[in-house]
Amino acid sequence: MKLLVLTFYYPPDLSAGSFRIKSIIDALSKYNIDIHVISTLPNRYASFSAEAPDKESYNNLTVERVALPPHASGMLDQAKAFFTYYRAVKKRISDGDYDAVFSTSSRLFTAFLGARIARSKNIPLYLDIRDIFVDTLNDVLPSRLGRLALPVFKIIERYTFNTAKRINLVSPGFDEYFKSRYPDIKYRWFTNGIDDEFLNVSLPTNPRGSKSERVKILYAGNIGEGQGLHTIIPDLAKRLSQVADFQIIGAGGRQRELALESDSLENVTLLPPMKRKELIESYMKADVLFLHLNDYEAFKKVLPSKIFEYAALGKPILAGVGGYAEQFLRENVKNCQVFEPGNATKAAESFDKLELSLAPRDRFVEKYARKRIMKEMAQDIFDFMNENQKYD
């Protein structure tokens, strides 16, 4: 059997999607199937570049990477990048013979591409959905643009999800949205998890236990509208100026705005994206790990992948999230203080409640080890291919 895998991001690119698909592919490679991955050359951040071959093959795995035109975080640039990928994929698979398509997607369009290919080749489609694109756009698009664009995106969404025979939802918070609209689909819930890099870290034996020295608060990840750092960091940094320093590692569409608003603050430092080894070293030097999502209704359904790597390190966590992510943190992650997104007053109060000590989370780590979760997901994909070999 042969499986076509579509993913916009793949290592050495830096993104939650690339780390996730690499773990899935590693687990799938142990099965007696041929795997053809089509992704892109590293492009997640304009400020980060990494060398990667256009094509590589070993054992039962072939990975092809499409070169994209230079692009930033704007919607127009992203649309151009996707259509370059779309055309390249369609060309490369035109003569290919596949038994199924697996597509992992956060912005809908890689999933849409999977649906187009599945219909054209009359093969089954398994989707891995990491975000609800239409729901998110409903919050972040200006109202006038939203009225024009959303009806089109809703049509694309219906076409895509009604094509799939199985859909995995990365966050259980997505359940109501999908089941109310697409009740006949078979669903799975394989979440994100903790990669081995974070499981093999040696935790400090003498962590600090008080706020007598300045506290190092670290955020690492995308700096976009979804994270809303520009709505919280400047104000919170001012409130904690006497006790804490903030280090922000990443890039994104709101990076410039955050930099401008933080320019006069001596306790805020912005650094570009870095490789995981360097990132983990920065984590270990921090006293508190910071997480934030903008105060939009759509983000009350998500479960950020960052939660898993933060929690694995045993460090105190300060999180501005609501909805399902808030519930998950309160139920599963100790020494974590949650505050209302965008509310610097509540954030400062939550900071004061943190215990600046390590809290090993052994039960959480065991439950959410990525390798275990992806092993189960790979088995489900393999079973899916076997079940649908005679798909008409």
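The values are calculated or read from the model by the stated rules, or taken from the named source; none is laboratory data. Remember, it's a predicted structure, so these values are computed and weren't measured experimentally. With ideal geometry, Cβ positions are generated from the backbone for all residues, glycine too; neighbour counts draw on all protein chains shown. For the accessible areas, the whole protein counts, side chains as well, though only heavy atoms, and no ligand, DNA or RNA atoms are used. Shrake-Rupley method; radii C 1.70, N 1.55, O 1.52, S 1.80 Å.
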(request) Among the residues of segment 241-266, count how many are outside any helix (DSSP H, G or I) and open to solvent by 10 Å² or more (accessible area, probe 1.4 Å). (result) 12
(request) Exactly one condition in (1) more than 30 Å from residue 355 (Cα to Cα); (2) at pLDDT 90 or above is not met by residue 147; state its number. (result) (2)
(request) Exactly one condition in (1) surrounded by fewer than 20 Cβ atoms within 10 Å (Cβ to Cβ); (2) within 20 Å of residue 86 (Cβ to Cβ); (3) in contact (Cβ under 8 Å) with a residue 60 or more places away in the chain is not met by residue 165; state its number. (result) (2)
(message) Pairs please, first residue from segment 85-107 and within 20 Å of residue 69 (Cα to Cα), second anywhere and outside any helix (DSSP H, G or I) and hydrophobic (A, V, I, L, M, F, W, C), Cβ atoms under 6 Å, 6+ apart in sequence or on different chains.
(response) 85/66; 88/66; 89/38
(request) All but one of (1) at pLDDT below 95; (2) open to solvent by less than 20 Å² (accessible area, probe 1.4 Å) hold for residue 391, so report the exception by its number. (result) (2)
(request) Report yes if residue 352 is among the acidic types (Asp, Glu), surrounded by 15 or more Cβ atoms within 10 Å (Cβ to Cβ) and either farther than 26 Å from residue 250 by Cα or out of contact with any strand residue (DSSP E or B) (no Cβ under 7 Å at 6 or more places or on another chain) (or both), otherwise no. (result) no
(request) Mind checking which helices (runs of 4 or more DSSP H) fall wholly inside segment 275-372 and carry at least 2 residues that are over 27 Å from residue 129 (Cβ atoms)? (result) 276-285, 344-353, 362-367
(request) Assess whether residue 303 counts as being of a type in the set (A, V, I, L, M, F, W, C), over 14 Å from residue 236 (Cα atoms) and at pLDDT 95 or above. (result) yes
(request) Taking the residues in segment 168-192 that are charged (D, E, K, R) and in a helix (DSSP H, G or I) as candidates, determine which candidate is most open to solvent (accessible area, probe 1.4 Å). (result) 176
(request) Could you grab me the full set of residues in segment 43-61 that are under 25 Å from residue 83 (Cβ atoms), buried (at least 16 other Cβ atoms within 10 Å of the Cβ) and at pLDDT 75 or above? (result) 52
(message) Please count how many residues of segment 67-81 are closer than 16 Å to residue 37 by Cα and either part of a helix (DSSP H, G or I) or out of contact with any Leu (no Cβ under 7 Å at 6 or more places or on another chain) (or both).
(response) 0
(request) Check residue 94 against each of (1) over 20 Å from the mean Cα position of the chain (by Cα); (2) among the polar types (S, T, N, Q); (3) assigned to a helix (DSSP H, G or I) and name the one condition it does not meet. (result) (3)
